[in-house]
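Some notes on the structure that comes next.
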Amino acid sequence: MDRVIIFDTTLRDGEQAPGFSMNTMEKLEMARQLARLNVDVIEAGFPISSEDDFGATREVARQVGTLEGAPVICGLSRVGLADIDRSWEAVKYARRPRIHTFVATSDIHLKYKLRKSRAEVLKAAVEAVRHARGYCQDVEFSPEDASRSDFDYMCDVLSAVIDAGAATINIPDTVGYAIPREWGERIARLRETVHGIDRVILSVHCHNDLGQAVANSLTALMNGARQVECTINGIGERAGNASLEEIVMALKTRKDFFGVETRVKTDEIFRTSRLLSHITGVHVQPNKAIVGENAFAHEAGIHQDGVLKEKLTYEIMRPEDIGRASNKLVLGKHSGRHALAARLKDLGFELAGPELDGAFKKFKDLADRKKEVYDEDLLAIVTDEATKIPETYELDYLHVISGTGVVPSATVRLRKEGQVFQDSGVGDGPVDAALAAIDAITGLKGRLQDYALRAATSGRDAIGEVSMKVDFDGTVVSGKGASTDVIEASARAYLKALNRMMHASTQRTKEVGP
Ligand code: KIV
Ligand code: ZN
C-alpha cells in the first residue's frame with residue numbers, strides 16, 4: 001500500500017499534557033478542523049479517565065464522526081474490560097468507530113507499574129482484544145514501551161492479539177528512547193517475525209524526548225509501517241509526540257524519496273496549527289518547522305536576493321502549500337454581518353445566530369479601533385466565540401491609572417446575572433492592579449502561574465493576545481483574552497480562567513493516565 005494512514009492523537013495524547021487541556025466545546029472545534037484537514041483517524045480521548053473525557057469523546061463521535069466522509073473516531077482504553085466498555089459507549093455513535101487498547105510489555109513496566117508476569121499481561125491483552133472485537137471490527141492494540149520491551153516476548157504478544165482479531169498493531173516508543181536506524185530495524189524485524197502481521201496495519205507512535213519522534217516515524221514508514229500516530233504542533237506528553245505537519249510535509253516534499261502519500265489536505269495545516277494555539281493559548285516557537293512564524297521568512301540578504309530572483313533557490317515548500325496566505329487584509333469597519341459570515345466560512349467557521357452576533361460585535365469593536373482587520377484577527381475573535389464557556393462574570397468597565405512614579409491602580413466593573421459590581425485595586429503594575437480589582441469583587445484570589453502576551457498580527461495597532469494560567473486554590477485553569485489594549489486583554493484572560501474554574505463541570509481531573 002502506498003498510502004500512509006494519519007492517526008491524529010492531538011485530542012488524546014496531546015491534550016493530556018499539562019497546559020493543553022481542552023473542554024468539550026474546544027475538542028469539538030478542533031475535531032471539526034481535523035476532519036477538514038482530512039486526517040484518517042481522530043483519537044478523541046481516553047473515555048474512562050473522567051466524565052468530561054467520556055463526554056467529549058462521545059460528542060466528537062456524534063457530531064464529527066457522523067459527517068459524510070468523516071474520519072474514524074477512536075477511544076483509548078487500557079486492557080481492563082470496563083475501560084473497553086466505556087470506550088465503546090463513547091465512540092459507538094461514529095460511522096466508523098475504533099477501540100484502541102494498550103498494555104505495557106517492557107519488563108520495567110511489568111515489574112514496577114503493573115506488578116504482573118509476562119503470561120498474565122499476554123492473557124489480559126488477548127482478552128481485551130477479543131472483548132473489543134465483540135463491539136466492532138476496528139480494534140487497535142499497542143504494546144506500551146515497545147522500544148524497551150523484550151523483542152521475542154513482544155512478538156508473542158503481538159502474534160496472539162492478531163490471532164484474537166486486532167486490525168492495527170501500533171508500536172509505541174512511549175519514552176522517546178529509540179534512535180532512527182535502530183527503530184527502523186525493529187520495525188523491519190517485527191514484520192519478519194510476528195505471525196499474521198501481513199494481515200494488519202502496522203503503525204508507530206513516537207515520542208520526542210530525544211528529538212527523534214519525526215525521524216523515527218519516517219524511518220518506520222521506510223520499513224513498512226503504514227500508519228503514523230502524531231499530533232498538531234507536536235504537542236503531547238513531556239517533549240511531545242511526532243508532529244503531524246512535519247511528517248505530512250516531509251512525505252509530500254520528498255515523495256521522490258519516500259514514495260508514499262497521505263490524504264491530508266495540506267492547505268489546512270496552518271489554520272489547524274493556529275486554531276490549536278488559539279484554543280490552548282500555547283504558541284509554537286517561531287522557528288518550528290512548517291508552522292513556525294519564521295518557517296518561510298528569508299532574513300539573510302543573500303537569501304532574500306536569491307528568493308527574489310527565483311524562489312526555488314531557498315524555498316523547498318511554498319507557504320500556500322500549508323494554507324499560509326500571510327496576513328491577508330480581509331474586512332474593514334464598513335463591512336457588514338454577511339461579509340463577516342462569508343469570510344469566516346472561507347476560514348472554515350460556519351457561525352450563525354447568537355455566535356455570529358457575538359463575533360460581529362467583537363469585529364465591529366475591533367474595526368473601530370484598528371484600521372485593518374486580518375485573518376489572524378478574525379481567528380482570534382472567532383475561536384473565542386466558538387469555544388465559549390458560560391460567562392459567570394463579564395467585564396463591563398475597566399479604568400487603569402499607571403505611569404512613572406505613580407502607584408498603579410484600577411477600577412473594574414463586572415456584570416453577574418444582571419447585577420453590576422464595582423471595586424478597585426492597586427498593584428505592582430497595571431495588570432496586577434486590574435486583577436486585584438477583579439479579586440476584590442469576586443472574593444477569590446487567583447495566583448498567576450504563567451503569563452504570555454503576543455501580537456496576533458504586525459503593526460502598532462495589532463490585537464494583543466494574552467494567555468495565562470491561574471491557580472485558584474489548587475485548581476489550575478487557563479484563559480485567553482484579546483484586545484488592542486493589553487491591560488484589557490489581561491483582564492479578559494483572567495476572567496476567562498475564573499469563569500472556566502466556576503464552570504466546574506467542564507473541568508476534569510484525570511484519574512488515570514497511560
Ligand atoms: O505513548 C504511548 O505509549 C501511548 C500509548 C497509549 C499508545 O500513548
Ligand atoms: Zn503516547
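The values are calculated or read from the model by the stated rules, or taken from the named source; none is laboratory data. Bear in mind that the values here come from a model prediction, so they are computed numbers and not experimental data. All Cβ positions, even for glycine, are placed from backbone atoms using ideal geometry, and neighbour counts span all protein chains on display. Accessible surface is based on the protein model in full, side chains and every heavy atom, while ligands, DNA and RNA are left aside. Shrake-Rupley method; radii C 1.70, N 1.55, O 1.52, S 1.80 Å.
When only the Cβ of Lys, Arg, Asp and Glu is charged (+1, +1, -1, -1), the dipole of the chain relative to its Cα centre reaches about 540 debye.
Label 7 Å along Cα→Cβ of residue 416; the stretch 460-474 residues with amide nitrogen under 17 Å? Only 472-473 pass the distance filter. In a simple Cβ point-charge model (Lys, Arg +1; Asp, Glu -1; nothing else charged), the stretch 329-386 has a dipole of about 300 debye relative to its Cα centre. Positive-end ranking of 211, 31, 490 along the dipole of the chain, with charges on Cβ about the Cα centre, is headed by 31.
Packing, taken as the mean count of other beta carbons within 10 Å per residue, orders the peptides 112-121, 262-271 from highest to lowest as 262-271, 112-121. Pull out a ≥ b ≥ c, the square roots of the eigenvalues of the alpha-carbon gyration tensor of the stretch 169-269, then state rounded if a/c is under 1.5, prolate if not and a/b is larger than b/c, and oblate in the remaining case. Oblate. Working from Cα pairs under 8 Å separated by at least six residues, relative contact order for the chain is 11 percent. Annotation: Cα Rg of the stretch 367-467 relative to the compact-globule expectation 2.2 N^0.38 Å equals 1.22.
Only four residue types carry charge here, +1 at the Cβ of Lys and Arg and -1 at the Cβ of Asp and Glu. Report the dipole size of the stretch 2-280 about the Cα centre in Debye, rounded to the nearest 20.
On the way: 36 positive and 41 negative charges, 66 e Å.
With only Lys, Arg, Asp and Glu charged at Cβ, the dipole is about 320 debye.
In order along the stretch 2-16, phi translates into HN-Hα couplings of 9, 10, 9, 7, 9, 9, 9, 10, 4, 7, 10, 5, x, 5, 7 Hz, rounded to whole numbers, per the Karplus curve 6.51 cos²θ - 1.76 cosθ + 1.60 with θ = phi - 60° and x for Gly and Pro.
Under the rule a/c < 1.5 gives rounded, and otherwise a/b versus b/c splits prolate from oblate, where does the stretch 159-221 land using the Cα gyration tensor? Since a/c reaches 1.5 and a/b is larger than b/c, the shape of the stretch 159-221 is classed as prolate.
Considering only 402, 440, 426, and ranking their Cα positions along the charge dipole of the stretch 392-503 that arises from unit charges at the beta-carbon of Lys, Arg, Asp and Glu, the one farthest toward the positive end is 440. Relative to the dominant Cα principal axis of the chain, helix 337-346 is inclined by about 20°. Between residue 150 and residue 401, full extension at 0.36 nm per residue minus the direct alpha carbon distance yields a gain of 83.8 nm.
Compute the accessible area per residue over the chain, keeping the other protein chains in place, probe 1.4 Å, unit Å². Kindly include the intermediate steps, with their values, before the conclusion.
Working: 22270 Å² over 514 residues.
On a per-residue basis, 43 Å².
Here the simple spin-label model places points 7 Å from the Cα toward Cβ, and for residue 302 and residue 188 these points are separated by 3.8 nm. Calculated on C-alpha atoms, the gyration radius of the stretch 242-381 divided by its Kirkwood radius gives an Rg/Rh of 1.03. Pairs from the table (445/480; 27/361; 27/469; 255/311; 27/496; 416/445) lying more than 22 angstrom apart at Cα are 27/361.
The label point for residue 394 and the one for residue 448, both projected 7 Å from the Cα toward the Cβ, are 2.6 nm apart.
Taking a straight Cα-Cα cut-off under 19 Å and skipping sequence neighbours fewer than 8 places away in the same chain, the lysines within cross-link reach of residue 111 are 123.
The calculated FRET efficiency for residue 475 paired with residue 82, based on their beta-carbon distance and R0 = 25 Å, is about 0.35.
Roughly what % of Cα-Cα distances in the stretch 1-77 sit above 16 Å, to the whole percent? Cα-Cα pairs in the stretch 1-77 separated by more than 16 Å: 42 percent. Over the stretch 2-280, the pair-distance histogram of Cα-Cα distances with 5 Å bins from zero comes to 1, 6, 14, 18, 21, 19, 13, 7, 2, 0 percent, rounded to whole numbers. For the stretch 55-106 versus the stretch 169-213, the spacing of their alpha-carbon centroids is 23 Å. At a Cα cut-off below 16 Å, give the aspartates and glutamates reachable from residue 364, other chains included and same-chain residues fewer than 8 away excluded. Excluding near neighbours in sequence, the set is 355, 372, 375, 376, 377, 384, 385, 461, 485. Taking every Cα-Cα distance in the stretch 57-186 and sorting them into 10 Å bins from zero, the calculated P(r) comes out as 14, 40, 31, 14, 1 percent. For the chain, the Cα-based Rg and Dmax, in that order, read 24.4, 77 Å. DSSP assigns beta bridges within the chain; of those with both partners inside it, close to 50 percent run antiparallel.
For the pair residue 210 and residue 345, what calculated FRET efficiency results from E = 1/(1 + (r/R0)^6), where r is the Cβ-Cβ distance and R0 = 51 Å, to the nearest 0.05? Spell out each step's value before the answer.
On the way: r = 43 Å, r/R0 = 0.84.
For residue 345 and residue 210, the calculated efficiency is 0.75.
Taking the helices alone, the chain has a mean residue ellipticity at 222 nm of -12000 deg cm²/dmol, built from -39,500 (n - 2.57) per DSSP H run of at least 4 residues and averaged over all its residues.
Per 0.36 nm of contour for each residue apart, how much would the distance between residue 485 and residue 119 grow if the chain were fully extended, relative to their Cα-Cα spacing?
Working: separation 366, 0.36 × 366 = 131.76 nm, distance 6.25 nm.
Once the chain is fully extended between residue 485 and residue 119, it gains 125.5 nm.
Computed from Cα atoms, the angle from the helix 118-133 axis to the main principal axis of the chain rounds to 70 degrees. Between 0 and 90 degrees, the angle of helix 244-253 with respect to the longest Cα principal axis of the chain falls at about 70 degrees. Taking Cβ atoms as reference points and 13 Å as the exclusive limit, the residues near residue 209 contribute a net charge of -1, counting Lys and Arg as +1 and Asp and Glu as -1.
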